[in-house]
Amino acid sequence: MTDDILDSIQPQAELNEEGLNELAQLTQWARWNAILSLLAMVCSFSTNLYTAVKFPEAPDAISSFITAILGALLSLLLNTTLLSATGKLKTSIAGYDQELFNMGLAKLTKYFKITGILTIIALVFITIAIISGLSAIATRQ
Amino acid sequence: MEQKIQDSLSEFGLKLDDESRTSLYKTGRWTQFISVAVFSLGALTVLFIIVLKDKLTFYMNREMGISANNGARFWVFFIMILLMIAIIAAIYYFLFMFSTKIKKGFEAESTTLVYDGLKSLKIYFIITTIFSGLILLLNLMGIISKLIQ
């Protein structure tokens, strides 16, 4: 099915000026997105680290610190992948490098694949939370 | 002369070859899944709040000390949640449009649709970049307030 759809497009369709322009702008915004997200992650992690060091006796200090580490690792994985994808795409558009262009698009696929997998994990956790919430309400009745 | 220049540029131009088309198609499938999941979750949350309205009002009154005679507060809370869901849905609408247009573009052999898809993905990244900037600003304000204390 996938192959049928992919084969139906004009083989080796050339990207014209409009396409290249759109791709260049997309790359630029995605790059800014990754940079700002990484900076936000560093700030958030620093704040959590500061709180954990300054108030170690706080009841949620350890759990919030562990959550911050997990969040930072996930953000690092996602945003470095996006940064790598945009870097490759940017260079390939500037130098008309087909191989690098394909590598950049493959990295972009990887970025959305990781996001998709994280969405699945989040959905599982949310479903568990809803079920346990509903059962808690039912138990109290 | 101009045609010759165009031809020579085409020789070095970027192409939507098999590899890049496969990558774009796979990206489209993942973005479709992500956007549909977000839409479903938003709808579920609204449904959850409507169905459990009385229970939520009761717990809000008890846990947050919200006055029982002020039912309007529940609606303020509900509208805020609804607004948040609407903003998130609007962002993910562009991701959904990207996947739809890329798929249709491949099916209809239309590079215009593929470019439209790329445009939708660009808008998605523009909005998420603005939100990332706002989150960064909030984090910086948090750090500054902690340093001042």
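The values are calculated or read from the model by the stated rules, or taken from the named source; none is laboratory data. None of these values were measured; they are calculated from a predicted model. Glycine gets a Cβ as well: all are built from the backbone with ideal geometry, and neighbour counts include every protein chain shown.
Observations on the structure shown:
- Total residues in region A:105-141, condition among the small types (G, A, S) and either over 24 Å from B:F125 (Cβ atoms) or more than 9 Å from chain B (Cβ to nearest Cβ) (or both): 6
- Those residues of region B:123-149 which are of a type in the set (A, V, I, L, M, F, W, C), within 7 Å of chain A (Cβ to nearest Cβ), surrounded by fewer than 20 Cβ atoms within 10 Å (Cβ to Cβ) and closer than 30 Å to A:A52 by Cα, in sequence order: B:I135, B:L140, B:I143
- In region B:101-118, the residue that is farthest from A:K113 (Cα to Cα) out of those that are of a type in the set (D, E, K, R) and surrounded by fewer than 18 Cβ atoms within 10 Å (Cβ to Cβ) is B:E109.
- For region A:17-53, the set of residues classified as more than 30 Å from B:V114 (Cα to Cα) and either hydrophobic (A, V, I, L, M, F, W, C) or more than 7 Å from every other protein chain (Cβ to nearest Cβ) (or both) consists of A:L39, A:A40, A:M41, A:V42, A:C43, A:F45, A:N48, A:L49, A:T51, A:A52, A:V53, listed by residue number.
- B:L136 vs. criteria under 14 Å from B:T31 (Cβ atoms) and without any contact (Cβ under 8 Å) to a residue 24 or more places away in the chain: no
- Criterion applied to B:S120, B:S40, B:S10 was being at pLDDT below 85, within 10 Å of chain A (Cβ to nearest Cβ) and under 30 Å from A:T86 (Cβ atoms), and the one residue passing it is B:S10.
- For region B:113-120, the count of residues that are within 22 Å of B:A37 (Cβ to Cβ), part of a helix (DSSP H, G or I) and of a type outside the set (G, A, S) is zero.
- Among the residues of region B:43-84, the ones that are at pLDDT 70 or above and not in a helix (DSSP H, G or I) come to 1 in all.
- No other residue among A:T127, A:T139 is loosely packed, with under 13 Cβ neighbours inside 10 Å and over 30 Å from A:N48 (Cα atoms) apart from A:T139.
- A single member of B:F77, B:F98, B:F94 is buried (at least 16 other Cβ atoms within 10 Å of the Cβ), in contact (Cβ under 8 Å) with a residue 40 or more places away in the chain and more than 9 Å from chain A (Cβ to nearest Cβ), and it is B:F98.
- Residues (surrounded by fewer than 18 Cβ atoms within 10 Å (Cβ to Cβ) and either in contact with a His (Cβ under 6 Å, 6 or more places away or on another chain) or of a type in the set (D, E) (or both)) located in region A:13-67: A:E14, A:E17, A:E18, A:E57, A:D60
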